[in-house]
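To keep things clear, I will list the structure first and then write my remarks on it.
The numbers here are math on the coordinates, done by the rules we state, and not lab data. The structure presented is a predicted model; accordingly, all values stated were derived computationally and were not measured. Note that we place each Cβ from the backbone using ideal geometry, even for glycine, and neighbour counts take in every protein chain shown.
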Amino acid sequence: MTSALQQSGAVDRPTSASLADVIDTILDKGLVIDAYVRVSLVGIELLTIDARIVVASVDTYLRFAEAVNRMDISQEKEGLPELMQDMTQGGAKHKVKGGVQGVLEAAGEKVRDVIDEPAEPERVPRRRRQAEEE
Amino acid sequence: MSTATAPAGTAGQAQATGVYVYGIVPEDVETDPEAHGVGGESATVTVVRHGRIAALVTELALDRPLGTPDDLLGHERLLDATAAVVPVLPARFGAVLADRQATVDELLAPHHDWFAAALRELEGKAEYVVRARYVEGAVLREVIESDPALERLRVRIRDKPEETTRSERIALGEAINTAIDARRQADGARVAQAIEPSTAGVVVREAAGELDAANVAVLAETSREPELEQVVRDLARDWAGRVEVRLLGPLAPYDFVTELQPGE
């Protein structure tokens, strides 16, 4: 993953959006086409609401508390990188996958399998005048 | 509410179809016959033209549920790939109109002038998003070390059983969350401030998770992408080990559509 990169402070520059990024973007941003013009489709409104997960709950608080309780702060101010990394990853694994977030993560995992297939070159719309210039 | 009718070309076919709209592009855009969006491999992307503008669309059977991960990714990837080469006004996911004629009559014609003006405004520009996320261990350590009261609380409950200290644990976690939130405000502002000079507009998005450090969308000229990358690299270097930084883009200008809309 990105752990090697983040040590050196490099920027992760993904070539295409992940499902999580997509959900953050296309479900509540962009041009809204009026409901009275649209053909209604089952599921869309629900999807839009579900996407607004976010931020802290009691589960989060307990997870933070658990994580800091396992830290050895006073004795070793600096370092313990391996231990810290273990803890971070362990913490993520232990985390109770509640409700929608769990569903989204699970969906993300499924999609990743699909994405990992060799990517075809992106087929994109182009402009006539650009095509003519070439 | 209008109902879907089969387009003229597929007369005799019982299946109801609609026209899925990805976004608005200039009239002179042509699609690749191999381009795909929502609706899988068999659904091709075409344009519906009107005046100086056109809608990027896919004809879609209405009897299938819309909104699978593939649909979501298909929508955004088509728009982002488009935004890299031509101006595009992205539609929110899930817009389906009755047919091609309805796309002209109900979408393109009534809004023609402002769509055309917005596309001119977007010429040469695209959206980029800076997403920064705290490294959990590092930010938790930072929070505890900078607040003696939290450190005392931590030490007091550390070796006690979870069952008897649940409310203290929640209080500790909540205080940590508040402290992270304060850092998020500051770090988000720092990203926005650092990147603003290289852009034509900045939108600080809401946090999308409890470890989000910054989620900032910018509208920028694609020719200035190297400059953006440099700004983000500098931030990432300053924050090495503390914050992971990603730069997404070029993307369709999802966060700037409302700004481009004339006041109503």
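Data for the structure
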{"quantity": "Cα centre as origin, Lys/Arg/Asp/Glu Cβ charges: chain B dipole, Debye", "calculated": "800"}
{"quantity": "Chain B: most fluctuating residue of B:THR103, B:THR31, B:THR82 per GNM, C-alpha cutoff 10 Å", "calculated": "B:THR31"}
{"quantity": "Value of Rg to Rh for chain B (Rh from inverse mean 1/r over Cα pairs, i.e. Kirkwood)", "calculated": "1.11"}
{"quantity": "Shielding of B:81-94 by partner chains, average beta-carbon count, 10 Å", "calculated": "5"}
{"quantity": "Theoretical FRET efficiency, 1/(1+(r/R0)^6), r = Cβ-Cβ of B:VAL204 and B:SER42, R0 51 Å, to 0.05", "calculated": "0.80"}
{"quantity": "Positive-pole candidate from B:LEU153, B:VAL203, B:ALA98, dipole of chain B, charges at beta carbon", "calculated": "B:LEU153"}
{"quantity": "Most fluctuating residue given options B:PRO253, B:PRO161, B:PRO90, as computed from a GNM of chain B linking Cα atoms under 10 Å", "calculated": "B:PRO161"}
{"quantity": "Within the range B:172-187, backbone nitrogen closer than 20 Å to the virtual label 7 Å beyond the Cα of A:VAL58 toward Cβ", "calculated": "B:172-178"}
{"quantity": "Ratio of the Cα radius of gyration of the range B:85-158 to 2.2 N^0.38 Å, where N counts its residues", "calculated": "2.25"}
{"quantity": "Mean shadow area of the range B:8-123 over all directions, Cα convex hull, nm²", "calculated": "7.0"}
{"quantity": "Calculated FRET value between A:ARG127 and A:THR15, using beta carbons and R₀ = 22 Å, to 0.05", "calculated": "0.45"}
{"quantity": "Signed unit charges on C-beta, dipole axis of chain B, positive-most listed residue B:LEU172, B:ILE53, B:VAL216", "calculated": "B:LEU172"}
{"quantity": "Average silhouette area of the range B:126-260, convex hull of alpha-carbon atoms, in square nanometres", "calculated": "9.3"}
{"quantity": "Helix runs (DSSP H) in chain B reaching 18 Å along axis by Cα, Kyte-Doolittle at least -0.5", "calculated": "B:69-83, B:166-195"}
{"quantity": "Förster-model FRET efficiency, 51 Å R0, B:GLN193 and A:TYR36, C-beta, rounded to 0.05", "calculated": "0.75"}
